[in-house]
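Note sheet for the following structure.
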Amino acid sequence: MQQVAEVKPCAAVQAIGERTFADLLSPLIEPGFRLALAMLHDPQAAEDAVQEASFTAWRKLARMQDQGKLRPWFLGVVANKCRNARRKKWFAGVSLGLPDHLSVVSPEDRTLRGADLRRAVSRLRHADRLVVVLYFYLDMPLEDVAAVAGSSVGATRARLYRSIKRLRPDLSIQEALR
Amino acid sequence: MSLRRDTHSAFDEIAPSMAGLSERVVQTVLTENSSRQRRKRLMFRVRGPLSLVAVFALIAMAGAVLIGGRMIHDWNLFHNSAPVGDSYQSQVAQLEAVPLHLPVFASQLDCKSGPFNSVGSLGSGPVYGDGGVQSQSTWGVYFSIVAYADTGVAGPILVRARDLFTGQPVVFVGQYAAGPVVGSDTFDGHTYDQHAELLLNTSTSDKQAVSHKFVWRFVSEVPTSW
């Protein structure tokens, strides 16, 4: 049996250094937060997800052979944290997305449309929602979206098209992609 | 308005100011990391013959991993060799005799969570898992797990798990813990035997008639020496 009183930081991560870690991670926090926000629709939960992803990055950054892949990797970690956050909410019986009555009581058409779109996005499955958010909200090219989603470009494109049809059945793919 | 503009508008409406966010997040990592418990990347392996119910599933908790191809291969091998009509105990013994072959990952980039089913549970079926509450003891971290399977499943399901980076075995305590006792741990005033295996049986599950599923709730533990 083994007893460990305190977990020590990974030696490899220590080798990277706090300043380097901050320099590498800081530019990724905002896109990570926007991704989490669009996935979770809850600013506090989004920040929690990014924070957790950043702890993961601290532990694992040194293991990355190619730090050029840091951005898609980090966003992928954020996406996983969002999936876990939604699952925890599901376990706790907390509903997700905006309340249904919001679009009814709001007087402003733009707010109505935004609320409806957020609700529609929240009802997509995790993998579909991730692709939609990365492509339409983070404005990432399809190749990068595929890297974050851990899928091929072709499969990601097909998933994106299917998701568009679910979000806007009346819209052609070409119109939606503009 | 395009879908892209609509999406920006819809989410920018609910986005708070991000001023200072990067600094806050990074600083929190640097100041709190040493006091945090590392997450474990775990993998469970679930096997059994189809006549018994052969199942493979790698259920992982907190950054878990699932590797399918090798498991399918092993599962098929086992399924083809499973004699019909054996007693339950002999079926279990056959399952235990199958060696646990797992890959070792050097880089986190090679190690991806999944696959997940349509409701977000881990596994490719017919058994799926969801991670739950974590608790810390001096020995390791306890994970409360829920596994479930469709009611078409029958027979024993053997679960073994190992950390894919350290190779250290994951242990099980409580009702469904099985196999050799490999240690013990005291948690919340109680001492628990740690077993190397988990044995799930459809006859001992918490069958949920409404959802037509077998459900098992169990606890696994991972050492903190990662």
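Derivation of every value follows stated rules applied to the coordinates shown; laboratory data play no part. None of the values given here were measured: they were computed from a predicted structure. A quick note on method: Cβ atoms are made from the backbone with ideal geometry, for glycine too, and the neighbour counts reach across all protein chains shown.
Couple of notes before you dig in:
- Distant-in-sequence amide contacts of B:Tyr192, defined by a placed amide H-H separation under 5 Å and a gap of 5 or more residues or a different chain, comprise B:Asp185, B:Thr186, B:Phe187.
- Hz values of 3J(HN,Hα) by residue in region B:187-203 - Karplus curve (6.51, -1.76, 1.60), Gly and Pro given as x: 9, 6, x, 10, 9, 10, 6, 9, 10, 7, 9, 10, 10, 9, 9, 5, 6
- Taking each residue as 0.36 nm, the span from B:Val215 to B:Ser17 lengthens on full extension beyond its C-alpha to C-alpha distance by 66.9 nm.
- For the peptides A:19-27, A:73-81, the ranking by packing is A:73-81, A:19-27, with the highest mean count of neighbouring Cβ atoms within 10 Å listed first.
- Partner chain coverage, peptide A:164-177 - average Cβ within 10 angstrom: 1
- Ranked by the mean number of other Cβ atoms within 10 Å per residue, highest first, peptides B:161-173, B:178-190 order as B:161-173, B:178-190.
- Shown in residue order for region A:75-82 are the 3J(HN,Hα) couplings computed by the Karplus curve 6.51 cos²θ - 1.76 cosθ + 1.60 at θ = phi - 60°: 5, x, 5, 4, 4, 5, 5, 5 Hz (x for Gly and Pro).
- Per-residue average of Cβ from other chains inside 10 Å of A:114-126: 3
- Cβ neighbours within 10 Å from other chains - mean over B:17-27: 6
- Spin-label model, B:Arg5 to A:Arg113: label points 7 Å out along the Cα-to-beta-carbon direction sit 0.8 nm apart.
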